[in-house]
C-alpha cells in the first residue's frame, strides 16, 4: 500500500497517517516556526514519514508558563490515540499500534525540546520530592498539580517513550524578549511574571532526575542559540548559556552511553521545504537555500530513532 504524505487536522494537531506504521512521531518545533509545523518543517517530517512513521505535528503555543503547555501535550496524546485509530480503521490502515504508548516517540526542535524535557522529568516518581528542595521551585507544585488535574490525567508521564532533542533551547524570559528590551525581561522575572520554570531550574530538574535514558541529542556546529559541543572549552558564561553543553554533561552519566551527534549547520537546520534538489527556508540569517546533497539531519534522526527503540527493548 502506497503511503501518501498528507496532513489532516485531528484534535488540536496535524496528523499524517502512515498505512503501515512502525511508530508514531510526535513533533513540536520552536517559537514562530513551530506555529506552522506542516509548512516550515515539511521536508524534515516528510522524510521521517517515508520511513514508516505516522507523524503528529503539534503546533507551538507561546506562553511564559511552560508546565501547563507540556502537560497539555499528554492530554492531546490520549485524544489523538483514539481519533487516529478511528481514522486508520476507516482507511483500512493498520491501527493497533496507536494503543501502544511505547510506540510513541517525541522529537523537539529549539524551545519545543523544553516541553519534552519537563514531561520526562515528571515521569519519575520523585519529581514532587525534588521540587520541595527549594522554596523557589516548591511554589510551582500547585500549578503542576492543577494542570494535571485539568487534563484529567492520573499521572503526567512519558516513561518508556523515547525522545530526540534537536538544537534544544531551554528558554528563559530573556530568550523570549528581544535583546534591546532585556530590561523588561528582568522586570518580569523580578515580579514572578516571567518564564516558569527558568533555564537554571530546568537544568536542576534534569540533573536530579534518574531518567533521560531514552533521550538522544542532535546539535549543530554553528548554533549560537542552543549552543554547540565546543562550548565546553569556552568561558564560564558561554558554558552556562549553552543548553547543548549542559545536556551533554548531564546526560553522559545515565544508564546508557550518551547518544549525541553534532552536525554541520545552524540553529534552524531542521526548518525548510524542498524545491527541486534544494531545501529552502528563505531566511537570510540561516541557510536561505541549500542543496540537499550530503544533508544528513534526516538520516541521523532515523538512525537515532532506531537506536532509541533498541535501547527501550533491552
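Every number here is computed from the coordinates shown, using simple stated rules; none is lab data. What you see is a predicted model, and the numbers here were worked out from it, not measured in a lab. Cβ: placed from backbone, ideal geometry, glycine included. Neighbour counts: every protein chain shown.
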Compute the distance from the alpha-carbon center of region 226-290 to that of region 1-19, in whole Å. 28 Å
222 nm mean residue ellipticity, helices alone, for the chain (DSSP H n ≥ 4; -39,500 (n - 2.57); rounded to 500): -11500 deg cm²/dmol
PRE reach from residue 303 (point 7 Å along Cα→Cβ): which of region 205-223 fall under 16 Å by backbone N? 216-221
Taking 7 Å along the Cα-to-C-beta vector as the label spot, tell me the residue 224-residue 150 distance in nanometres, rounded to one decimal. 3.7 nm
How do 270-281, 4-15, 129-140 rank on mean C-beta neighbours within 10 Å, highest first? 270-281, 4-15, 129-140
From a point 7 Å beyond the Cα of residue 91 in the direction of its Cβ, which residues of region 15-37 have a backbone N at a distance under 12 Å? 15-21
With 0.36 nm assigned to each residue of separation and the Cα-Cα distance removed, residue 314 to residue 20 gains 103.4 nm
Paramagnetic reach from residue 296 (point 7 Å along Cα→Cβ, amide N under 14 Å) across region 253-267: 260-265
Would you please give the FRET efficiency between residue 31 and residue 4, computed as 1/(1 + (r/R0)^6) with r the Cβ-Cβ distance and R0 = 22 Å, to the nearest 0.05? 0.15
How many angstrom separate the Cα center of region 71-98 from the Cα center of region 119-170? 24 Å
Can you tell me, using C-alpha contacts under 8 Å and at least 6 residues apart, the relative contact order of the chain as a whole percent? 17 percent
Over 24 Å [Cα-Cα, region 202-314], rounded percent: 35 percent
Residues 27, 256 arranged by fewest to most Cβ contacts within 10 Å: 256, 27
When 243, 78 are arranged by how many other beta-carbons sit within 10 Å of their Cβ, fewest first, they go 78, 243
FRET efficiency for residue 210 and residue 62, using Cβ-Cβ distance with R0 set to 35 Å, rounded to 0.05: 0.65
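Quick one: work out Rg over Rh on the C-alpha atoms of the chain, Rh as Kirkwood radius. Intermediate values should be presented prior to the final figure.
Numbers: Rg = 18.9 Å, Rh = 20.0 Å.
Radius of gyration over Kirkwood radius for the chain works out to 0.95.
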For region 260-314, take the convex hull of the Cα atoms, compute a quarter of its surface area, and give me that in nm², please. 4.4 nm²
What is the ratio of the Cα radius of gyration of region 51-201 to 2.2 N^0.38 Å, with N the residue count, to two decimals? 1.17
List the relative contact order of region 42-116 as a percent without decimals, with contacts defined as Cα pairs under 8 Å and 6+ residues apart. 25 percent
Estimate the FRET efficiency between residue 253 and residue 282 by the formula 1/(1 + (r/R0)^6), using the beta-carbon distance for r and 45 Å for R0, to the nearest 0.05. 0.65
By Cβ neighbour count within 10 Å, fewest first, 264, 202 rank 264, 202
